[in-house]
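Quick notes on the structure that follows.
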Amino acid sequence: MTITRTDVLVVGAGPAGLTAAIALGRAGAHVTLVERRTALSPFPRATGVSLRTMELLRAWGLEHDIRAGALDVGTDGWIGPALTAPGQTVPTGFPNPAQAAELSPTTPAIAPQDHLEPVLLRHLQSLTGTDVRFGAEVVAVEQDDDGVRADVRTATGVETVYARYVIGADGARSAVRRAADIGMTGPGDVGAYLAVVFRGPVADLLGEPRHGLHMLVRPGPPWVMLPTDRTDRWVFSMTWDPASESLDDYPRERLVELVRAAAGAPDLPVDIVWTGDFTFTALIADTYRDRRLFLVGDAAHRMTPRGAAGMNTAIHDGYDLGWKLGWVLKGWADESLLDSYETERYPVGLRNVERSAVGAARRDVSADYLDELADRIPHAWLPDGRSTLDLLGSGLTLLAGPQGASWVDQAMGLRHDGAVPVEARTVDASTAGVLGIGASGAVLVRPDGRPTTRWAAAPAASALGLAVRAVLFDLDPGRTRDGRSEAA
Ligand SMILES: Cc1cc2nc3c(=O)[nH]c(=O)nc-3n(C[C@H](O)[C@H](O)[C@H](O)COP(=O)(O)OP(=O)(O)OC[C@H]3O[C@@H](n4cnc5c(N)ncnc54)[C@H](O)[C@@H]3O)c2cc1C
């Protein structure tokens, strides 16, 4: 029998698992990622890559590769009776380019998941210490105080993987979640949809500006049409009733007529590529963790596509847990840092699940994008053309005002082998103002941009050391699972 030993076993090569594995790999951990499919999913699924997601991908040097497969469309939605009829734009919860430029060094993108996932996979496979296996399904998970044992079924038999931690990034029907006997709570199924992936020259029917989402108003819930590649691949979806209908009731001719009706083009050439059904489901796991088992992405929360938060929340979960676990494995942080994964990510998951159950028709989504930026330092362009976000390193970063030279000395004093690096930098007065620290103040920032402590002026020599310790031991008494940190 083949036995593998690894620091972290990541189960599932969707956006959550790929991101978690990259964050761990970049922190130097040995990661084994297993995926039961023999290749990445070929379906476009999510297309909205949010502003915060693009910031994280940009920091990893992947922005260019993502944009290479992004569509030349705006992030606003469009609503009308048919694509060729007059309609109007509607907010989707993503910022437009002008709004994004105020907030960030990048902009959101409309790029399908089957483009994004290969970009993440290539980056993961370029990191040392990472082992990616397709056609490998986790069928059993058991943990004790020392680690986790997982049985992984492959084409040649069942292998055993011993890991210090397991990340369940295995989607809506998570085997890791079931092994940990973690339940899910929430509204549950809130709609049943039929989805059709097709190819056709729909773009020829459309004027400018182009949109990433079209809602077609009908009696009952709107139909949806989404462009999902740079040429002619589209998705059409509509509600249906699986209790009284089956896919057999939708032969190719009927689907073609539905697509043409949605387009408002009776002669549109339509090549049906795939047809299937899915439910809109809104649920959240009762906990994101059972000792050495963690849940990320759809394994932790199921969102409807409304608000386009499912994939983005999955990526943010994977990123958050990945760097924290990486720091614990490196010996930079205490295990208690891992408690902050649930306290920080559960409230976000809960909010996004609840929002996705309601949808844009019944609430104002126009400023939703601000929420995912709320926990990081503000972006400002520096005189050298970089963003404040570009100053963040893989350890902690101390940003001090222009008269903050003593901060740099304090940070130097914390340097010793095996300790988390604290990189101190002074910034110009204007940037210090944006960061809210003044000329001789400073702010301590985690690698994800979250400010942990702010000082208005240089304090006693021990203050920085204590603040660093508070991050590494997750000493943040102001935070609970149901509320944001009061710190900073
Ligand atoms: C039709 C459809 C449309 C969608 N549209 C949108 C949208 O517009 N916007 C949006 O944000 N989101 C959308 N989503 C949701 C989005 O795709 C998910 O939120 C996202 O993929 C979650 O990523 P994940 O990595 O958590 O899970 P997944 O992408 O589901 O990845 C989980 C992976 O784990 C693997 N796996 C499962 N069990 C095991 C096991 N035991 N062992 C090994 N591997 C295992 C699976 O094969 C899969 O590859 C849509 C989803 C669907 C199905």
Check: Which residues, counting only those in the stretch 146-167, are of a type in the set (G, A, S) and more than 15 Å from L24 (Cβ to Cβ)?
Finding: G147, A150, A155, G157
Notebook entry, point to check: Somewhere in the stretch 256-269, is a residue touching a Pro at 6+ places or on another chain (Cβ under 9 Å), outside the structural domain of Q113 (by TED's automatic domain parsing), at positive phi and not acidic (D, E)?
Noted result: yes
Next item on the list: Please state which of the following conditions S336 fails to meet, knowing it meets all the rest: (1) in the same structural domain as Y319 (by TED's automatic domain parsing); (2) in a strand (DSSP E or B).
Entry: (2)
Next item on the list: Return the only residue of R36, R45, R52 being among the charged types (D, E, K, R), at positive phi and within 15 Å of the ligand (Cβ to nearest atom).
Entry: R45
Check: Exactly one of (1) more than 10 Å from the ligand (Cβ to nearest atom); (2) surrounded by 24 or more Cβ atoms within 10 Å (Cβ to Cβ) is unmet by G28. Its number?
Finding: (2)
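Answer with yes or no whether D277 is outside the structural domain of A27 (by TED's automatic domain parsing) and among the charged types (D, E, K, R).
Yes.
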Notebook entry, point to check: When you go through L382, L338, L389 one by one, which is the residue that is surrounded by 19 or more Cβ atoms within 10 Å (Cβ to Cβ) and farther than 20 Å from L57 by Cβ?
Noted result: L338
Item checked: Answer residue from the stretch 148-176, given it is crowded, with 20+ Cβ neighbours inside 10 Å and more than 13 Å from the ligand (Cβ to nearest atom) and is farthest from R292 (Cα to Cα) among those -> A163
Check: Could you list, in sequence order, the residues of the stretch 37-51 that are polar (S, T, N, Q) and buried (at least 20 other Cβ atoms within 10 Å of the Cβ)?
Finding: T47, S50
Margin query: Among the residues that make up the stretch 177-186, is at least one of them of a type in the set (A, V, I, L, M), in contact with a strand residue (DSSP E or B) (Cβ under 7 Å, 6 or more places away or on another chain), more than 9 Å from the ligand (Cβ to nearest atom) and under 30 Å from T228 (Cβ atoms)?
Written below: yes
Check: Of S244, S237, which residue is of a type in the set (S, T, N, Q), crowded, with 18+ Cβ neighbours inside 10 Å and not in a helix (DSSP H, G or I)?
Finding: S237
Note to self: So the check is Cβ under 8 Å with 6+ separation or different chains; which pairs have a first residue in the stretch 220-244 that's within 15 Å of V259 (Cα to Cα) and of a type in the set (A, V, I, L, M) and a second one that's in a loop (DSSP other than H, G, I, E, B) and within 13 Å of the ligand (Cβ to nearest atom)?
What the structure shows: L226/P44; L226/T47; V235/P44; V235/T228
Check: With (1) exposed (fewer than 14 other Cβ atoms within 10 Å of the Cβ); (2) within 30 Å of R254 (Cα to Cα); (3) in contact (Cβ under 8 Å) with a residue 40 or more places away in the chain as the list, and H211 as the residue in question, which single condition is left unmet?
Finding: (1)
Next item on the list: For G310, indicate whether it is within 16 Å of the ligand (Cβ to nearest atom), closer than 30 Å to A467 by Cβ and modelled with pLDDT of 95 or more.
Entry: no
Note to self: Of everything in the stretch 117-130, what is among the charged types (D, E, K, R) and crowded, with 16+ Cβ neighbours inside 10 Å? Give them in sequence order.
What the structure shows: E117
Next item on the list: Could you pull out every one of the strands (runs of 3 or more DSSP E) wholly within the stretch 346-457 that has 1 or more residues that are closer than 23 Å to G318 by Cβ and outside the structural domain of T53 (by TED's automatic domain parsing)?
Entry: 396-400, 442-445, 451-455
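Is one or more of the residues making up the stretch 330-339 within 17 Å of the chain's Cα centre (by Cα) and either within 16 Å of the ligand (Cβ to nearest atom) or of a type in the set (A, V, I, L, M) (or both)? Working first, answer last.
If we filter the stretch 330-339 for residues that are within 17 Å of the chain's Cα centre (by Cα), which is where we start, we get none.
The answer is no, given that none of the residues of the stretch 330-339 is within 17 Å of the chain's Cα centre (by Cα) and either within 16 Å of the ligand (Cβ to nearest atom) or of a type in the set (A, V, I, L, M) (or both).
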Margin query: Out of D145, D189, D204, I need the residue that is loosely packed, with under 14 Cβ neighbours inside 10 Å, away from the ligand (no atom under 12 Å from the Cβ) and part of a strand (DSSP E or B). Which one?
Written below: D189
Check: Restricted to the stretch 55-74, and to residues that are more than 16 Å from the ligand (Cβ to nearest atom) and in a helix (DSSP H, G or I), which residue is farthest from I377 (Cα to Cα)?
Finding: A68
Notebook entry, point to check: Do you know which residues across the stretch 90-101 are over 18 Å from T53 (Cβ atoms) and exposed (fewer than 15 other Cβ atoms within 10 Å of the Cβ)?
Noted result: A98
Check: In this structure, does A68 turn out to be surrounded by fewer than 20 Cβ atoms within 10 Å (Cβ to Cβ), farther than 30 Å from Y162 by Cβ, out of contact with any Asp or Glu (no Cβ under 6 Å at 6 or more places or on another chain) and among the hydrophobic types (A, V, I, L, M, F, W, C)?
Finding: yes
Check: Taking the condition surrounded by 22 or more Cβ atoms within 10 Å (Cβ to Cβ), farther than 30 Å from V148 by Cα and either out of contact with any strand residue (DSSP E or B) (no Cβ under 9 Å at 6 or more places or on another chain) or in the same structural domain as H123 (by TED's automatic domain parsing) (or both), does V11 pass?
Finding: no
Check: Since H316 meets every condition but one in (1) within 16 Å of the ligand (Cβ to nearest atom); (2) in contact with a strand residue (DSSP E or B) (Cβ under 9 Å, 6 or more places away or on another chain), which condition does it not meet?
Finding: (2)
Item checked: Residue count for the stretch 265-301, restricted to those that are free of Cβ contacts under 8 Å to residues at least 24 places away in the same chain and either part of a strand (DSSP E or B) or within 16 Å of the ligand (Cβ to nearest atom) (or both) -> 0
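The values are calculated or read from the model by the stated rules, or taken from the named source; none is laboratory data. The structure presented is a predicted model; accordingly, all values stated were derived computationally and were not measured. Glycine gets a Cβ as well: all are built from the backbone with ideal geometry, and neighbour counts include every protein chain shown.
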